[in-house]
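The values are calculated or read from the model by the stated rules, or taken from the named source; none is laboratory data. All values derive from a computational prediction rather than experimental measurement. Quick reminder, even Gly has a Cβ in these numbers, built from the backbone with ideal geometry, and neighbours come from all protein chains shown.
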Amino acid sequence: MTEMFSNRMAGIPRSFIREILKTAQETDIISFAGGLPDSNLFPADELVIATNKAFETSGRNIFQYAASEGCEQLRSYLADFCRNRKGVAVKKENILITNGSQQALDLLGKVFLNEGDDVVIEEPGYLGVIQALSMYMPEFHPVPVSNERMDADRLKILINKRHPKLLYVNPNFQNPSGITYSDNNRKEIAGLINSKETFLIEDDPYGELRFRGNDKLSFKKLLPERTVLLGSFSKSIVPGFRLGWMAAPEEVVEKLVIAKQASDLHTSHFTQKIIYQYLKNNDMDKHIQKITKVYAQKCQKMIECIKKYFPMSVSYTIPEGGMFIWVQLPVSLKAIELFEEAYKNNLIFIPGDPFYLKRKYINTFRLNFTCVTEDEIETGIRKIGKAINNLINF
Ligand code: PMP
């Protein structure tokens, strides 16, 4: 059978994280592994009201086939959001509604990539972008990210040598490291792209979840014609509706619509209408404040516990928002061994390996703090601390 599958499927594994998450659901485990939002914060009652209202307003049409670009009202809302919140000059015509931002990544691969094209990604970086774009068989070039920046010197060398077609960045509260690119770094990167034929994917599903500091410049503002901005309702409202969006130049939207028609005709009209109704009737700022307050507390708790239970030789990021803390063990330790040790104690996190293209047995790992209680954070971090000390003393 193997020989029947297409070349593009060769060597693309199932998502490591999604496999680990299955374990978390099945057993009585404390999980710092996923990137799930806290379901206690889902605006469930408001969504039920919005569902009834959407049905009252649209009638049976809510169940009908609809436009591939997405619901007009939702696209207008999102264009206003981009203008008012990010200072990005886009119109409704620039917005395409997708099945989560994950679909946006797939559509961008479909529209831009030929086999062997060069694509620059972050390292460590979001696994889902490697999985989505791998289907189009590009050549990936990782550029390190750390301490508020992507390595612009490395990027410059790659741009001059390889003329990559796409550059993917997740600049706010990055998955997995939690870091945010500084404004200076963003300007530096935009300056490099400006002079070349590269298109930039600004993936920003966590941008609204800021609990400290000020918003940073959007790449879409710095490089409007060369950037596609990806947003999502997964972290701010609910992930289960699978609603995301992209803001792109009209010429690009045109091609993306064709790719989307080939994939799924359109995103569910039903869920788009519900979300639109929800946004119309509720104060989104207040909802976001509620989420960020809880996430800030959980993040703070996790950092306090790391300070209390982890040895001094371990370093970690302190995010300004989002969902993740990135931990670096002493070089002699392997995060995958720590994972095995922690798993025996009913605790999971994501070892750093899958966030790198090729490197294995590395000494970093990702902790998620949004989907656990403060008690679980205390117990879990204490257990990991004990496991680290055991490995150091082994
Ligand atoms: N980009 C990044 C950086 C993510 O972390 C995720 C989800 N974890 C996605 C895109 C996809 O999100 P969704 O499809 O739910 O919008």
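Just wondering, is there one or more residues in the range 29-39 that are modelled with pLDDT of 90 or more, within 23 Å of I274 (Cβ to Cβ) and assigned to a helix (DSSP H, G or I)?
yes
Considering the range 68-103 alone, what residues qualify as being within 16 Å of the ligand (Cβ to nearest atom), outside any helix (DSSP H, G or I) and either over 16 Å from K220 (Cα atoms) or among the β-branched types (V, I, T) (or both)? Lay out the reasoning, then the answer.
Restricting attention to the range 68-103, the residues satisfying the condition of being within 16 Å of the ligand (Cβ to nearest atom) are 70, 74, 78, 81, 95-103.
Okay, now just the ones that are also outside any helix (DSSP H, G or I), so 70, 95-99.
Result: G70, I95, I97, T98, N99.
Would you tally the residues in the range 104-141 being within 20 Å of I258 (Cα to Cα), within 11 Å of the ligand (Cβ to nearest atom) and out of contact with any helix residue (DSSP H, G or I) (no Cβ under 6 Å at 6 or more places or on another chain)?
1
Exactly one condition in (1) farther than 30 Å from F324 by Cα; (2) within 16 Å of the ligand (Cβ to nearest atom); (3) surrounded by fewer than 16 Cβ atoms within 10 Å (Cβ to Cβ) is false for Y65; which is it?
It fails just one condition, (2).
Table: residues versus (1) within 13 Å of the ligand (Cβ to nearest atom); (2) closer than 19 Å to L256 by Cα; (3) aliphatic (A, V, I, L, M).
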residue: R186; (1), (2), (3): no, no, no
residue: K196; (1), (2), (3): no, no, no
residue: I201; (1), (2), (3): yes, yes, yes
residue: L209; (1), (2), (3): yes, no, yes
residue: D215; (1), (2), (3): no, no, no
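Go through (1) modelled with pLDDT of 95 or more; (2) surrounded by fewer than 17 Cβ atoms within 10 Å (Cβ to Cβ); (3) among the charged types (D, E, K, R) and name the single condition D106 misses.
(2)
Yes/no per residue for (1) within 30 Å of F42 (Cα to Cα); (2) without any contact (Cβ under 8 Å) to a residue 24 or more places away in the chain; (3) among the aliphatic types (A, V, I, L, M); (4) in a strand (DSSP E or B):
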site: P319; (1), (2), (3), (4): yes, no, no, no
site: P330; (1), (2), (3), (4): no, no, no, no
site: L333; (1), (2), (3), (4): no, no, yes, no
site: E337; (1), (2), (3), (4): no, no, no, no
site: R366; (1), (2), (3), (4): yes, no, no, yes
site: E378; (1), (2), (3), (4): yes, no, no, no
site: A387; (1), (2), (3), (4): no, no, yes, no
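Scanning the range 234-253 for residues that are farther than 10 Å from I95 by Cα and more than 9 Å from the ligand (Cβ to nearest atom), which turns out surrounded by the most Cβ atoms within 10 Å (Cβ to Cβ)? Talk me through it step by step, then tell me what you get.
Restricting attention to the range 234-253, the residues satisfying the condition of being farther than 10 Å from I95 by Cα are 234-244, 251-252.
Now narrow it down to the ones that are more than 9 Å from the ligand (Cβ to nearest atom): 236-238, 240-241, 251-252.
Values: S236: 20, I237: 25, V238: 21, G240: 10, F241: 20, E251: 8, V252: 21.
The residue in question is I237.
When the range 281-302 is examined, which residues are found to be surrounded by 15 or more Cβ atoms within 10 Å (Cβ to Cβ), in a helix (DSSP H, G or I) and not hydrophobic (A, V, I, L, M, F, W, C)?
If the condition is that a residue be surrounded by 15 or more Cβ atoms within 10 Å (Cβ to Cβ), in a helix (DSSP H, G or I) and not hydrophobic (A, V, I, L, M, F, W, C), then H287, T292, Y295, K298, Q300, K301 are the ones that fit.
Residue pairs, Cβ under 8 Å, 6 or more apart or interchain, first in the range 209-227 and closer than 24 Å to P319 by Cα, second at pLDDT 95 or above and among the basic types (K, R). List them.
Taking only residues 6 or more apart or on different chains, the pairs are L209/K235; F211/K293; K216/R186; L217/R186; L217/K187; F219/R186; L222/R186; L222/K187.
Do we find that E197 is over 16 Å from the mean Cα position of the chain (by Cα), surrounded by fewer than 17 Cβ atoms within 10 Å (Cβ to Cβ), modelled with pLDDT under 95 and not aromatic (F, W, Y) in this structure?
Values: over 16 Å from the mean Cα position of the chain (by Cα): yes; surrounded by fewer than 17 Cβ atoms within 10 Å (Cβ to Cβ): yes; modelled with pLDDT under 95: yes; not aromatic (F, W, Y): yes.
Here the answer is yes, as E197 does meet what is asked.
What's the number of the only condition in (1) farther than 22 Å from M323 by Cβ; (2) away from the ligand (no atom under 16 Å from the Cβ); (3) in contact with a strand residue (DSSP E or B) (Cβ under 6 Å, 6 or more places away or on another chain) that P144 fails to meet?
Single failed check for P144: (1).
Out of the residues in the range 131-183 that are under 17 Å from the mean Cα position of the chain (by Cα) and among the aromatic types (F, W, Y), which is nearest to I318 (Cα to Cα)?
Among those that are under 17 Å from the mean Cα position of the chain (by Cα) and among the aromatic types (F, W, Y), it is F173.
Which ones in the range 26-48 are of a type in the set (A, V, I, L, M, F, W, C) and surrounded by fewer than 15 Cβ atoms within 10 Å (Cβ to Cβ)? Lay out the reasoning, then the answer.
Taking the range 26-48 as the starting set, the residues that turn out to be of a type in the set (A, V, I, L, M, F, W, C) are 29-30, 32-33, 36, 41-42, 44, 47-48.
Within the range 26-48, A44, V48 qualify.
Are there any pairs, at least 6 apart or on different chains, whose C-beta atoms fall under 9 Å, with the first in the range 69-80 and of a type in the set (S, T, N, Q) and the second modelled with pLDDT of 95 or more and not in a helix (DSSP H, G or I), and if so, which?
S76/K91; S76/I95
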